[in-house]
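Chemist: Starting off with a structure, shown below.
Every number in this text was worked out from the coordinates using simple rules, so none of it is lab data. If you're wondering where the values come from, they're calculated on a predicted model, not measured in any experiment. Here the Cβ is made from the backbone with ideal geometry for all residues, glycine too, and neighbour counts use every protein chain on show.
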Ligand code: SF4
């Protein structure tokens, strides 16, 4: 199923059925920390990249897995899908499972994008920077976007949207987590007035090798400076793992095709015991299909596909 992946063990959304609505990797940003690698199609043009029928056919099959959430996200920025509003409407008529949207929030200054997301149960936009320099360094946005415009969009959306609004702030060590830059970000986040603010940092291999996570103690300290305090969601996986299921090499590969995962991510996403997953990973590593990379305290597993970019080897998952 091309447009559906998972179940993915989501730190916020339990067992989540992912829906991909743009081609890999189509985004308005090219974040230095992106777990999907560098952006290959950077655009702000919204398009019907796929037909609604094609996506819905995959979703109907995926709903059999009884996810906690149906989550529109995946291989890039989902608000670049011109029919995302119609997709949400269809999903709401198809199932009572709540619909979540993971977005970088960069197009919320557009009235049509704000209108399209109104029916979602949860929208999780992000804001990683509140000044132009950090924005350029961390998010590497499309040239038509400014940080002020993105922030205004987040504020506007808060005014109209009645569902759950959870704002993610992704910090990397140095560029966005140092003062006085951080205080400005905290103030801009406060003025948005999200229902929850969730702090994240690097736990999977980033697009750029120089990117480092904010240490856990510092992240906890920073969380307290938000008003009200932010939740730290980095590497928090609390979802219970159920009995072994039909876990195969294909289901593991299907998950890793979308993003690198830790052992805990795979086990929780596929509702499998760790030892079952380890056995499959051993085979996939021996066959050269998967390799592991250590990020902080975690080993991340990813597909062994590489492209040569500017003389470096760069993982694309
Ligand atoms: S992290 Fe999200 S917003 Fe940033 S480049 Fe990757 S897909 Fe786009």
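Chemist: Which order results if 277, 189 are arranged by neighbouring Cβ count within 10 Å, fewest first?
Modeler: Ranked by crowding around the Cβ, least crowded first: 189, 277.
Chemist: Could you sort 180-187, 257-264, 17-24 so that the peptide with the highest average Cβ count within 10 Å comes first and the rest follow in order?
Modeler: Put in order of decreasing packing, that is 17-24, 257-264, 180-187.
Chemist: Express the relative contact order of the chain as a whole percentage, based on alpha carbon pairs under 8 Å and six or more residues apart in sequence. Before the final figure, lay out each step's value.
Modeler: Values: 643 pairs, mean separation 57.4, N = 317.
About 18 percent, as a whole number.
Chemist: I've got another one for you. Roughly how far apart, in whole Å, are the Cα centres of region 1-39 and region 136-182?
Modeler: If you average the Cα positions of each part, the centres end up 19 Å apart.
Chemist: Considering only 200, 61, 139, give the residue with the highest GNM mean-square fluctuation for the chain, with springs between Cα atoms whenever their separation is below 10 Å.
Modeler: Highest fluctuation among the options: 61.
Chemist: If the chain were replaced by its equivalent ellipsoid, with semi-axes equal to the square roots of 5 times the Cα gyration tensor eigenvalues, what would those be, largest first, whole Å? Don't skip to the answer; put the middle values down first.
Modeler: Values: eigenvalues 158, 115, 74 Å².
With the √(5λ) rule applied to the chain, the semi-axes are 28, 24, 19 Å.
Chemist: Take peptides 100-106, 280-286 and line them up by average Cβ neighbours within 10 Å, highest first, as a rough protection proxy. Show your work: numbers first, answer last.
Modeler: Numbers: 100-106: 25.0, 280-286: 15.3.
Per-residue mean Cβ counts within 10 Å order the peptides as 100-106, 280-286.
Chemist: Kindly provide the Kirkwood hydrodynamic radius of region 43-84 in Å, to one decimal, from all pairs of distinct alpha carbon atoms.
Modeler: 11.6 Å
Chemist: Given a Förster distance of 35 Å, report the FRET efficiency between residue 227 and residue 283 from their Cβ-Cβ distance, rounded to the nearest 0.05.
Modeler: Given R0 = 35 Å and the Cβ-Cβ separation, E is 0.10.
Chemist: Further, regarding this structure: Bin all alpha-carbon pair distances of region 108-176 at 10 Å intervals from 0 and give each bin's fraction as a whole percent.
Modeler: Here the calculated profile for region 108-176 is 19, 49, 27, 4.
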